[in-house]
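Working notes for the structure below.
Only the coordinates and a few stated rules stand behind these numbers; no lab work does. Keep in mind that this is a model prediction, so the values were computed, not measured. When we count neighbours, we look across all protein chains shown, and the Cβ atoms used for this are built from the backbone with ideal geometry, even at glycine.
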Amino acid sequence: MGALPALVLVWLAVVVVRFATSDYPLGGGPEKVPCAEALDFGGAKLPEGAYDTECIVRAWMDTDYEATFRMPRAGVRDWLRSTYPKSPAPGTELCDEGADLCLNLNSDAHGPPAGVDANAVVVNVTYEGPDTARVSFSAFTV
């Protein structure tokens, strides 16, 4: 009988330490994934000329794929238009701070394309000069 209370105390100590020292004590921390997987979750593909790619997924109760990459600035609008042809034109409303252009697909009328796993897609574009754009892509469930 004495071993069981001791095991419970050890388990409780481990749980307390994990909660105190982890940003993700219940799981769901960021994990690197192939960018094709991250963009596909939201119905997209990497645009031609994309570089400096970095993609992660966080999954616990919901799933959130994030991708960042750079691409030729001149191709951003064409990439968005060909990727999401039924969406409204990208604009400057509801953009993340510092973004020059964005596209938010998060409603019944203007959500991600049918057949994709994401419930919402958010794309923010920051122009880094006359030739380069940094794209932040997020596709997630809610």
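For the peptides 86-98, 119-131, the ranking by packing is 119-131, 86-98, with the highest mean count of neighbouring Cβ atoms within 10 Å listed first. Here the range 64-96 is scanned for amide nitrogen atoms under 12 Å from the site 7 Å beyond the Cα of V116 along Cα-to-Cβ, giving 65-67, 80-88.
Other residues with beta-carbon under 15 Å from the beta-carbon of A114 carry, at +1 per Lys or Arg and -1 per Asp or Glu, a net charge of -2. Of the peptides 34-43, 69-78, 53-62, the ranking by mean beta-carbon count within 10 Å, highest at the top, reads 34-43, 69-78, 53-62.
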